[in-house]
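Values quoted throughout were computed directly from the atomic coordinates according to the rules given, and no laboratory measurement underlies them. Since this is a predicted model, take the numbers as computed values, not measurements. Every residue, glycine among them, receives a Cβ derived from its backbone with ideal geometry; neighbour counts consider all protein chains shown.
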Amino acid sequence: MSDIVQAEAKELIDSIDQMAALSPAATKIISISSNLNAEPADLVNAINMDPLLMGKVLKLVNSAYFGLGKAIVSLQRAVILLGFNTIKNIALSAAMTSSINVQSSFKSFNNEQFWEHSVACSILAKAMAKKMAIPAIEVEEYFVSGLMHDIGKVVLISKHAVVCEEIYEQASFGKTVAVELEEERFGISHATLGARIASKWRFPETMCNAVEFHHTPEKAPDDRKKMAYSIHFANKMAHNLKIGIETSSDLDTISDEAMEGFPLSPSDMDELTEDLPKAVEEAKSFLRGSR
Amino acid sequence: MEIKFWGVRGSIPSPGPNTAQFGGNTPCVEVINEGEPLIILDAGTGIRKLGMDILKRPDIKDIHLFFSHTHWDHIQGLPFFTPLLIPKYDITLYGPVHYSKNLEQILSQQMEYTYFPVRVEELAAKISFNDIIEQEITIGEDVKVTTKFVNHPVVCLSYKIEKDGKSFVYMTDHEPYRNLFADADELSCEEGRQVAKDQNEALVEFVRGVDIFCVDAQYTAEEYDPSRIGWGHSSTIASYDLAREAGVKEMIIFHHDPDRSDSDLQKMLSNLHDISWSPDQDNVPVRLAREQFNIHL
């Protein structure tokens, strides 16, 4: 690695330390959102964990959008007035979008596509976990890992938008994966950067590994391969379905060799994609609403 | 003011011999004020026949259609509302703000090719969409429409229509606000109790003294058990209590359960009378909404 590339890698890693942490409230709200039995009080307690988030939710509730006459100052009031589902969606989108925002809109990668792709992966990864009968408590980790797997790209793009544009365009048409080009150019890939962010946000080790090895699941520690492979396949499937990213390359094909030893069959995987576009569209519409 | 019922059933159309008397069409109510634009509340399957009737009335050109909310039973008749296909009509649609989609998106989606052969863009009438909140709207010269959020699993509005000192409230798909935090910590519980109380009191004020109060009363008191609480529909007695407290002149039971036969509906009404009639208080006359039933005020 040349000195220049090495310096760039260091600068990127240092920039992670300056990133705001994803609040524990955000992860809690993600978990509540996918739990059909969650109680209104669970939601209120989760939002209350993060005063900034609470402020943002109340700001949205009190915005001209809902036009409520009297100012709403308590979340309990907001939930009773506008309903659990509305407040849950507001909180979830506020939590996620205030933590992550791609400050660039170049051709091959923009904010909306980034979210669409991330959401597709999270839904697929969770569906795989369920299909593999992973214990309920771990299923959410698959979901969050899917959502976060490309988080490293946010840092890369915010620092090196022009170079990233070249890299991702090249990767989408060529035979080279983006991670190799990133390593060559920046000395570190979005996967490795993503794992560092996940670690800073105190995600469990398994999830850090899933983010780190989502392009190279064979390198994940044996006891964490299942999640890493799930994110890896979810990523490829989302690319193949052209959800969020307009182009896919030959490298997105899932080989029989890669599937070997994975508990799900190709037909299982096909089944999981059936409702995906609709689910992504739904998730996307409220993410859009919060911006 | 004239009020005409074209669909009174909740959830799903329920045609058949057992529902022939009260009707099986889903919600649609017409409100006519002489010399003013036509007002329609909800576009359940009842709106199909109303649409055909409108074609026979040459004076009508301006139509204002208000959706309480966009659950299926309140929008499913819209694609079959013939005036939408005719250029002479000017149709303004109103519905409550929805966090993730606007009214135009929601209604257009039900008319995508997958579900229906005619798309919204192909409709010939002049159509406009309005996402509304709690507010006052003046229709035509002098018809006042006031809105109020009610308690349903999706954002839902009740409408009060007033003209020349006459008033009509349409409050479908609502159940009394309750404390959602009863099992939570003490502070949340107290806040939840207070909020539910405030909201229920605000509804009484909204309905205060109206001539006709058409209200959701899908369940009997026995049916409104914990398994149905939270579905966004009231019991007859809860709606009656609201009507009595607000001093309305007449209550109309609306949004009939699809499984309720004509004779069951009559029984439900007589049971309500038995449990609610009081010699010490002003009693509110109650009737059941029925298709083709007209009220003149």
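Observations, loosely collected:
- Candidate lysines for bridging to B:Lys49, where Cα separation is under 30 Å - those fewer than 8 sequence places away on the same chain excluded: B:Lys4, B:Lys61, B:Lys88, B:Lys101, B:Lys126, B:Lys144, B:Lys148, B:Lys160, B:Lys163, B:Lys166, B:Lys249, B:Lys267
- Neighbouring Cβ atoms from other chains, within 10 Å of the Cβ of residues in B:70-76, number 0 on average.
- Antiparallel bridges, percent of DSSP beta bridges restricted to chain B (to nearest 5): 45
- Within the listed set B:Pro96, B:Pro83, B:Pro285, the Gaussian network model of chain B (springs between alpha-carbon atoms below 10 Å) gives the highest mean-square fluctuation for B:Pro285.
- Each of B:Gln21 and A:Gln170 was given a label point 7 Å from its Cα along the Cα-to-Cβ line. The distance between the two points is 8.0 nm.
- Computed FRET value (nearest 0.05) for B:Leu269 with A:Asn85, which takes r as the C-beta separation and R₀ as 41 Å: 0.80
- Bridging of A:Lys10 to lysines at a Cα separation below 22 Å is possible for A:Lys153, A:Lys159, A:Lys200, once same-chain residues fewer than 8 apart are set aside.
- FRET efficiency for the pair A:Ser267 and A:Glu112, taken as 1/(1 + (r/R0)^6) with r the Cβ-Cβ distance and R0 = 30 Å, rounds to 0.45.
- Ranked list, fewest to most other Cβ atoms within 10 Å of each Cβ, for B:Arg208, B:Arg260: B:Arg208, B:Arg260
- Mean Cβ count within 10 Å, highest first, over the residues of peptides B:236-243, B:182-189, B:210-217, B:104-111: B:210-217, B:236-243, B:104-111, B:182-189
- Only aspartates and glutamates eight or more places from A:Lys226 in sequence, or on another chain, were considered; those with a Cα closer than 17 Å are A:Glu138, A:Glu140, A:Glu141, A:Glu205, A:Glu212, A:Glu218, A:Asp256, A:Glu257, A:Glu260, A:Asp268.
- Per-peptide average of other Cβ atoms within 10 Å, ordering A:46-54, B:6-14 highest first: B:6-14, A:46-54
- Ordering of A:257-270, A:221-234 by packing [mean C-beta count within 10 Å, highest first]: A:221-234, A:257-270
- Note on B:146-153: average number of Cβ atoms from other chains within 10 Å of each residue's Cβ is 2.
- Considering only alpha-carbon pairs that sit under 8 angstrom and 6 or more positions apart, the relative contact order computed for chain B is 18 percent.
- With a 10 Å cut-off around each Cβ of A:83-89, the average count of Cβ atoms from other chains is 4.
- Extension gain (nm, one decimal) between B:Asn102 and B:Lys144, 0.36 nm per residue minus Cα-Cα: 12.7 nm
- Cα-projected label distance for B:Trp72 with B:Ile229, points at 7 Å along beta-carbon direction, nm: 2.7
- Total formal charge among the other residues, if their Cβ is under 12 angstrom from that of A:Met269, Lys/Arg +1 and Asp/Glu -1: -2
- Considering only B:Val150, B:Val118, B:Val169, the mean-square fluctuation computed in a Gaussian network model of chain B, springs between alpha carbons under 10 angstrom, is largest for B:Val118.
- Difference of contour (0.36 nm per residue) and Cα-Cα distance, A:Lys131 to A:Glu11: 39.1 nm
- If R0 is 22 Å, the Cβ-Cβ spacing of B:Val154 and B:Phe116 corresponds to a FRET efficiency of close to 0.50.
- Size of charge dipole - the protein assembly as shown - debye, nearest 20, with Cβ of Lys, Arg +1 and Asp, Glu -1, no other charges: 820
- For a modelled paramagnetic label at B:Lys126, 7 Å from Cα along Cα-to-Cβ, the residues of the stretch B:40-65 in reach, with backbone nitrogen under 13 Å, are B:61-63.
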